[in-house]
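The values are calculated or read from the model by the stated rules, or taken from the named source; none is laboratory data. On a predicted model such as this, the values are computed, not experimentally measured, just so you know. Heads up, the Cβs are rebuilt from the backbone with ideal geometry, glycines too, and the neighbour counts pull from every protein chain shown.
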Amino acid sequence: MTLRSPARDSFRLVLMALLVALLAAPGCARFGKMFKKGDVNEGVPVEQLYDKGHSAVVDGNYGTATETYKRLIAQYPFGAYAEQAQIEMAYAHYKSGKHDDAVSSIDRFIRTYPTHRNVPYMYYLRGLSNAKRNAVFLQRVFSLDTSSRDLAAPTQAYNDYSIVTERYPNSRYAADARQRMVFLRNEFARFEISTALFYLRRGAWVAAADRAKYLLETYPQSEHQNDAVAILAEAYTRLGNDALATDAKRVLQANDPQHPWLSGGWPKDPSVFSKLNPFARERRGTSAAD
């Protein structure tokens, strides 16, 4: 009887295992693809990608639009479709509340296509995004006053709108940009009023007067100018400067004879919530809590 060699049997087992592995590899790869989710936009023609992204924007599916446009720009970085995709992707970011992403996309577009015919729109869109940047959550959840927050982003928005009105005065966005500049200017003035009232309520008469004067010098003809004059009148009265207090009162009577300060009804103490909430707005009609 012939005995089998253990070494020969081991060699045969290893050989058979290798053959099975080689034969099974293509099948396993195909089998794995059945469970692996690939990018459905990969390899799709540029026209179809753009149509898909544009339809998503129209339908309000901004997440789908953004992903589709990213794939389009990655696969086809040059040409009219890529340019339009960047514009609409920035809009999709804005509409979905991703204002930082919107500003980044807009800045990239302006650097790449500084003479593009849609550059005025991109500056206008950047203004819209900056106006809401870093404030959407607080404003929606707590209905907080936008004039009391950090003004860096709104200031940038004002500058964006200014670019539209000054560089592209005949564009379709110029008129609306001017109106938004007026609104932001009044917000800036109201911020100064809020700060002046803060000082006034704490007996910092000089600081309150300085803020009021700054408002009148920086934002003349704003809708809060009469409040600034009232603060001057109150601060100068408290300081014992009768001449300046009388002048301020005379100006206020001439410009706003119904202002509540003239009848001793302004400023009133803020509500308890306003005292605790640093974002709460100052209002003429705030009821006294104490």
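Quick notes on this structure:
Conditions (1) closer than 26 Å to Arg180 by Cβ; (2) touching a strand residue (DSSP E or B) at 6+ places or on another chain (Cβ under 8 Å); (3) modelled with pLDDT of 95 or more, marked per residue:
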| position | (1), (2), (3) |
| --- | --- |
| Tyr236 | no, no, yes |
| Ser274 | no, no, no |
| Glu282 | yes, no, no |
| Asp290 | no, no, no |
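- Among the residues of region 212-223, those identified as closer than 16 Å to Glu187 by Cβ and surrounded by fewer than 24 Cβ atoms within 10 Å (Cβ to Cβ) are Tyr214, Thr218, Tyr219, Pro220, Gln221, Ser222, Glu223.
- Yes/no for Ser194 being in contact (Cβ under 8 Å) with a residue 60 or more places away in the chain and either crowded, with 17+ Cβ neighbours inside 10 Å or touching a Ser or Thr at 6+ places or on another chain (Cβ under 9 Å) (or both): yes
- Condition check for Asp269: more than 17 Å from Leu215 (Cα to Cα), modelled with pLDDT under 95 and surrounded by fewer than 16 Cβ atoms within 10 Å (Cβ to Cβ): yes
Okay, residues lined up against (1) part of a helix (DSSP H, G or I); (2) modelled with pLDDT under 95; (3) among the hydroxyl-bearing types (Ser, Thr, Tyr):
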| residue | (1), (2), (3) |
| --- | --- |
| Asn41 | no, yes, no |
| Ala65 | yes, no, no |
| Tyr91 | yes, no, yes |
| Tyr94 | yes, no, yes |
| Asp101 | yes, no, no |
| Ser104 | yes, no, yes |
| Phe109 | yes, no, no |
| Tyr121 | yes, no, yes |
| Arg126 | yes, no, no |
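- Among the residues of this structure, Val206 does not count as one that is of a type in the set (A, V, I, L, M) and out of contact with any Leu (no Cβ under 8 Å at 6 or more places or on another chain).
- Single residue of region 224-263 satisfying the filter (closer than 30 Å to Thr155 by Cβ and acidic (Asp, Glu)) that is surrounded by the most Cβ atoms within 10 Å (Cβ to Cβ): Asp227
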